[in-house]
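A short worksheet on the structure shown next.
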Amino acid sequence: KKLWWPKLRMILQKYTDKWRKAVLTGMTITGILNSSTLISLLTLWFVATWSMALLNAVGVVVWANIWSTATGLIVATLGTWEFNIGIFAMPLIALAGGILLITDNKYRSYRAKWLVGFWLFFLGISFFKENMDVMKEIFNLAQYKDMSLWIFGLIGVVVTAIVHSSGAVGVMTLAALSSGVIWFEASFAIILW
């Protein structure tokens with residue numbers, strides 16, 4: 001937030017004057033901030049204050065939400081590989097943390113914090129995958145295999161409302177799917193809703 005907030009309004013105004021630029025801006029900022037909700041709310045506020053045209057706002061919001069599915073694609077891709085992403089994440093977190101400790105430039109420290117958060121995300125994916133393998137042995141969902149997919153969709157709605165992050169619910173669901181804790185149809189219902 002501190003790294004991008006001062007420039008965010010200028011970026012959204014300058015780079016959303018044309019529809020194609022609005023689409024690319026929505027994708028890029030959502031990729032950086034990893035929050036389509038934040039981008040959607042800011043965009044609606046800019047439209048309400050006449051800072052952005054409605055057509056361009058539609059481009060930003062639609063592509064921000066489409067691009068937010070990249071988190072699920074990353075997790076699905078990493079979940080199918082056999083190596084542990086945590087092995088790469090730990091040294092890179094240490095490197096970014098070292099930069100954070102030695103720098104006195106505030107923007108360099110903001111970038112280092114962003115990198116720490118970015119690599120913590122991948123370390124979290126690694127922990128999810130490892131814990132789901134243990135969860136498979138403890139909690140068997142096979143007994144619920146005959147339940148309606150509507151119930152799994154409702155579970156997805158409730159958990160997303162509690163966590164307030166469809167990306168986090170997607171990560172958890174895909175980790176559970178890759179470990180065999182749940183099956184494809186149930187995970188599809190959870191993520192889709």
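The values are calculated or read from the model by the stated rules, or taken from the named source; none is laboratory data. Predicted model only: the values in this text are computed from it and were never measured. In this analysis, Cβ positions are derived from the backbone assuming ideal geometry, glycine residues included, and neighbour counts consider all displayed protein chains. Just the protein is used for accessible areas: all its heavy atoms, side chains included, with ligands, DNA and RNA removed. Shrake-Rupley method; radii C 1.70, N 1.55, O 1.52, S 1.80 Å.
Annotation note: Cβ proximity below 8 Å between a residue of the range 94-108 that is of a type in the set (Gly, Ala, Ser) and a residue that is open to solvent by less than 100 Å² (accessible area, probe 1.4 Å) (sequence gap 6+ or interchain) occurs for Ala96/Ala112; Ala96/Leu115; Ala96/Val116; Ala96/Trp119; Gly97/Ala112; Gly97/Val116.
Among the residues of the range 141-167, the ones that are modelled with pLDDT under 75, under 21 Å from Phe128 (Cβ atoms) and in a helix (DSSP H, G or I) come to 3 in all. Check whether at least one residue in the range 80-93 is surrounded by 16 or more Cβ atoms within 10 Å (Cβ to Cβ), at pLDDT below 80 and among the hydroxyl-bearing types (Ser, Thr, Tyr), and report yes or no. No; the residues of the range 80-93 include none that is surrounded by 16 or more Cβ atoms within 10 Å (Cβ to Cβ), at pLDDT below 80 and among the hydroxyl-bearing types (Ser, Thr, Tyr). Here is the figure for the range 168-186: residues that are without any contact (Cβ under 8 Å) to a residue 24 or more places away in the chain and either farther than 20 Å from Leu123 by Cβ or part of a loop (DSSP other than H, G, I, E, B) (or both) total 1.
Every residue, every condition in (1) at pLDDT 75 or above; (2) under 27 Å from Val171 (Cα atoms), yes or no:
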residue: Arg9; (1), (2): no, no
residue: Asp17; (1), (2): yes, no
residue: Lys21; (1), (2): yes, no
residue: Ser36; (1), (2): yes, yes
residue: Leu55; (1), (2): yes, no
residue: Ile66; (1), (2): yes, yes
